[in-house]
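The values are calculated or read from the model by the stated rules, or taken from the named source; none is laboratory data. Computed from a predicted model, the values in this text were never measured in an experiment. Every residue, glycine as well, gets a Cβ built from its backbone with ideal geometry; the counts of neighbours run over all protein chains shown.
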Amino acid sequence: MARAAHRYVCQECGAATNRWAGRCDACGAWNAIVEEAGGEAPPRALKGAKGRPLAFASLAGAPTGVSRLATGIAEFDRVVGGGLVPGSAVLVGGDPGIGKSTLLLQAVSALAGEASCAYISGEESVDQLRMRAERLGLAAAPVALAAATDVRDIAASLDAPTGPRLVVIDSIQTMFVDSLDSAPGTVTQVRAAAEALTRLAKRRGFTVIFVGHVTKEGAIAGPRVLEHMVDTVLYFEGERGHAFRILRAIKNRFGPTDEIGVFEMTGQGLTGVENPSALFLADRSEAVSGSAVFAGIEGTRPLLVEIQALVLGSTQATPRRAVVGWDSGRLAMVLAVLEARCRLPFGGSEVYLNVAGGLRIAEPAADLAVAAALVSALTGVPTPVDAVVFGEIGLSGEVRAVAQTDLRLREAAKLGFARAILPARGRRRRGPATSEPIETVEIARLAELVEMLGGTGDGAARRAKR
């Protein structure tokens, strides 16, 4: 008989130790280690009968029985790669109240007319789910509802040839396996519940979608191995003060990663945004200093977004740097290059940077647009209202080419922009010269952009003092 093993497990990263500690050695989290009992000591070696030899197959050949389930929600289907793959596991994470349950209820209701769907909630009762569906106008959809948290009962209900083809588990942190003594939401329970349901989904061929809570840092709560167990990881992002929501693919075994879907929160739920660039620029003011339009790429989609900057004098020894929607370390690098290579006085000024609309940008191509907004805010000279800006900045002050220039230019031309400020080496990388959809202003050094927006050195400093 295997002896019971008492372990101390970190609730942040899943690392296990034999004794309690105030700080986890693996991830550095404080007060995250709790005692868990009921596990079994791992075997020292494989004993007993030999295993069966595996039947290997060749790489050539077409997959059988793989037909995606398209929900009809264009933005959702785009992010998952064109539809849900049978037998796959999808993990959706996001802040509380961001709209995860609303989006998934809309998705299963849209698909229920073509395939059998089940929505299992561990946080809400069936009546509460019905109230939400009635508010969204989905009460007539043939979706099977259940309120349960016992994985054994859920597996017994789904383990049938005529079972549903799509199952939503809301949320995985509320599920528990009765053979374990630890409480629901702990690392052991989350891992065991997700493993059991994922294994059943792959055996029976239905798609399972897990809703995951997130920590205060924004990562999905529970062990990191949870993201490795599933096939697709989606993050639902957005600010509560904004109507826009971003569904971003972090991992996808059946489609592109870093793909995004844009939704707008309305009284009837979440609606897909076909042209997010137009909405992100809808409130843009013309001829205002400290603003620049960045032509970016999110996954396979071109996206135009406004970057705003504010620079003002500071009496503090350490001026403040506040960033919303961009990497603060990247902002520090751009400020250092502007000060060292272009002699612009940012050292004694407070700097505030914001990506309008609640979008978060991680692309290095935004460097040049951020620099344009900063220089414009410092000098008081507005950037051209009919121009988009993109390019990567090097530490020596050079402007480096970025990928998919033609796609960015076509999106800018479609929205009525007439010019684009871009790296000088972009044309050479694009190959033979073609007819550009808009006029291009190519720059090789960051100093050229600074001169375009008000000059360098003492001239910029005098404008900033005024």
Screening LEU234, LEU226 for residues that are crowded, with 23+ Cβ neighbours inside 10 Å, modelled with pLDDT under 90 and not β-branched (Val, Ile, Thr) leaves only LEU226
Residue pairs qualifying under the 7 Å Cβ cut-off, at least six apart or on distinct chains, with the first in the stretch 386-399 being among the basic types (Lys, Arg) and the second being assigned to a strand (DSSP E or B) and surrounded by 15 or more Cβ atoms within 10 Å (Cβ to Cβ), are none
Here the residues within the stretch 425-450 that are at pLDDT 90 or above and outside any helix (DSSP H, G or I) are GLU439, THR440, VAL441, GLU442, ILE443, ALA444, ARG445
Report whether or not ALA62 is farther than 20 Å from VAL211 by Cβ, crowded, with 18+ Cβ neighbours inside 10 Å and modelled with pLDDT under 90. no
If we keep only residues of the stretch 250-292 that are without any contact (Cβ under 8 Å) to a residue 60 or more places away in the chain and in a loop (DSSP other than H, G, I, E, B), then the residue nearest to the chain's Cα centre (by Cα) is ASP258
Here the residues within the stretch 386-424 that are among the charged types (D, E, K, R), outside any strand (DSSP E or B) and surrounded by fewer than 24 Cβ atoms within 10 Å (Cβ to Cβ) are ASP386, ASP406, ARG410, GLU411, LYS414
Restricting the stretch 82-102 to residues that are closer than 18 Å to GLY205 by Cβ and touching a Gly at 6+ places or on another chain (Cβ under 6 Å), the one surrounded by the fewest Cβ atoms within 10 Å (Cβ to Cβ) turns out to be GLY87
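Which one is nearest to the chain's Cα centre (by Cα) among residues in the stretch 59-69 that are part of a loop (DSSP other than H, G, I, E, B) and under 22 Å from LEU200 (Cα atoms)?
ARG68
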Verdict on LEU247 being closer than 21 Å to GLU411 by Cβ, buried (at least 20 other Cβ atoms within 10 Å of the Cβ), in contact (Cβ under 8 Å) with a residue 40 or more places away in the chain and under 14 Å from the mean Cα position of the chain (by Cα) | yes
For the stretch 68-115 the number of residues that are closer than 15 Å to ALA249 by Cα and in contact with a Cys (Cβ under 9 Å, 6 or more places away or on another chain) is 0
Output for Cβ contacts, cut-off 8 Å, separation at least six or different chains, first residue farther than 15 Å from GLY163 by Cβ in the stretch 177-206, second surrounded by fewer than 18 Cβ atoms within 10 Å (Cβ to Cβ) and of a type in the set (Asp, Glu), reads ASP178/ASP150
Note on the stretch 261-296: residues crowded, with 22+ Cβ neighbours inside 10 Å and closer than 30 Å to SER88 by Cα are GLY261, VAL262, PHE263, LEU270, PRO276
If we keep only residues of the stretch 353-366 that are free of Cβ contacts under 8 Å to residues at least 60 places away in the same chain and not in a loop (DSSP other than H, G, I, E, B), then the residue surrounded by the most Cβ atoms within 10 Å (Cβ to Cβ) is LEU353
**OP:** Restrict the check to the stretch 336-351 and report whether at least one residue is over 17 Å from GLU306 (Cβ atoms) and under 23 Å from the mean Cα position of the chain (by Cα).
**Re:** no
Expected single match for part of a helix (DSSP H, G or I) and farther than 23 Å from VAL151 by Cβ among PHE76, PHE56 is PHE76
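Could you list, in sequence order, all residues of the stretch 337-352 that are outside any loop (DSSP other than H, G, I, E, B) and over 17 Å from GLY313 (Cβ atoms)?
Of the stretch 337-352, the ones outside any loop (DSSP other than H, G, I, E, B) are 337-342, 349-352.
Passing the criteria: VAL337, ALA340, ARG341, CYS342.
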Looking across the stretch 173-199 at residues that are in contact with a strand residue (DSSP E or B) (Cβ under 8 Å, 6 or more places away or on another chain) and part of a helix (DSSP H, G or I), the single one that is surrounded by the fewest Cβ atoms within 10 Å (Cβ to Cβ) is THR198
